[in-house]
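The block underneath contains the structure these notes are about, expressed in structure tokens.
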Amino acid sequence: MTAETDRARRAARQFVETSRLLGADAVPVAVGSPTAEQGGRRPSDSPADKQALLDALRRRHDSECPHCTTATGHTRTVFGEGAPDARLMFVGEAPGAEEDRTGRPFVGRAGKLLDKIIEAMGLSRDEVYIANVLKSRPPNNATPTAAEAARCGPYLLEQIRIIQPEVIVTLGKPAANLLLGTNEAMGRLRGVWRQYEGVPLMPTYHPAFLLRSYTPENRARVWSDMRQVMQRLGLPDPAADR
């Protein structure tokens, strides 16, 4: 079995699992539609179909999430945003005050720094997908606990299965710990390739940490991590021309 065939079959299984999770009784199959091996796109590859699944998952989350439906101190949930078929997905910790106000992830000071990082990689915000472990703001911007992540995290995992990114970047310890099933410190995690369900995963520092410790050494560490991501995605590295 080729790697392409294996990826196609895994994606098909994920599409079926997603449809069942969202309560679909049957998964539509286009008779005679082109396969991935023939150069076509499956229904699960369509950005419109993926966006529809994400929208349905968002509605389900907002009505059923065992964490966000019982948590207090937030005004709205922050589900995530970006390209439904993004090659690169960023996963942070939880919304802050500005995110809670707008309903969008990473729009405060840390978000502005993340935007600069994305632009430095030669990408735009609408080309990637951005989400968090928790989809409601913790009181006093507290770091998500393992128990909170266990209750809200499954919706993030389903977002990943729908989007099928080629690379995941986790921002901060809670995101890395959830996806990797570990409690390792960021100092040991960052900069080393891991995998989540076969998807290459690069842990790096959260932009909020950089704002608190904006040293040349920390900036260089994060940029080193992003250069590895760019190389994995086949993106041009501006530093290579210097």
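The values are calculated or read from the model by the stated rules, or taken from the named source; none is laboratory data. Owing to the predicted nature of the structure, the values given are computational and were not obtained by experimental measurement. Neighbour counts run over all protein chains shown; Cβ positions are idealised from the backbone, glycine included.
Computed quantities for the displayed model
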item: Considering residues of the stretch 176-223 that are in contact with a helix residue (DSSP H, G or I) (Cβ under 9 Å, 6 or more places away or on another chain) and among the basic types (K, R) only, the residue farthest from D115 (Cα to Cα); result: R194
item: Subset of the stretch 128-143 [surrounded by fewer than 21 Cβ atoms within 10 Å (Cβ to Cβ), in contact with a helix residue (DSSP H, G or I) (Cβ under 8 Å, 6 or more places away or on another chain) and without any contact (Cβ under 8 Å) to a residue 60 or more places away in the chain]; result: N141, T143
item: Whichever residue in the stretch 63-75 is in a loop (DSSP other than H, G, I, E, B) and of a type in the set (S, T, N, Q) and, among such residues, is surrounded by the fewest Cβ atoms within 10 Å (Cβ to Cβ); result: T72
item: Residue identified as of a type outside the set (V, I, T) and touching a residue at least 60 places away in the same chain (Cβ under 8 Å) among G111, G82; result: G111
item: Count - residues of the stretch 101-152 that are within 25 Å of D85 (Cα to Cα) and not hydrophobic (A, V, I, L, M, F, W, C); result: 19
item: Filtered residues of the stretch 144-170 (kept if among the hydroxyl-bearing types (S, T, Y) and surrounded by 15 or more Cβ atoms within 10 Å (Cβ to Cβ)); result: Y155, T170
item: Test: T143 is modelled with pLDDT under 95, over 25 Å from R58 (Cβ atoms) and among the β-branched types (V, I, T); result: no
item: Any hit, the stretch 133-147, residues being within 25 Å of T77 (Cα to Cα) and touching a Leu at 6+ places or on another chain (Cβ under 6 Å); result: yes
item: Scan of the stretch 177-194 for residues that are surrounded by 16 or more Cβ atoms within 10 Å (Cβ to Cβ) and in a helix (DSSP H, G or I), ordered by number; result: N177, L178, L179, L180, M186, L189
item: In the stretch 76-101, residue surrounded by the fewest Cβ atoms within 10 Å (Cβ to Cβ) [restricted to those that are part of a strand (DSSP E or B) and not aromatic (F, W, Y)]; result: E81
item: Subset of the stretch 195-242 (residues that are acidic (D, E) and surrounded by 11 or more Cβ atoms within 10 Å (Cβ to Cβ)); result: E197, D225, D237
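Rundown of residues vs (1) closer than 18 Å to L156 by Cβ; (2) of a type in the set (D, E, K, R); (3) at pLDDT 95 or above, yes/no style:
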residue: A56; (1), (2), (3): yes, no, yes
residue: E64; (1), (2), (3): yes, yes, yes
residue: T69; (1), (2), (3): yes, no, yes
residue: H74; (1), (2), (3): yes, no, no
residue: V91; (1), (2), (3): yes, no, yes
residue: R104; (1), (2), (3): yes, yes, yes
residue: V107; (1), (2), (3): no, no, yes
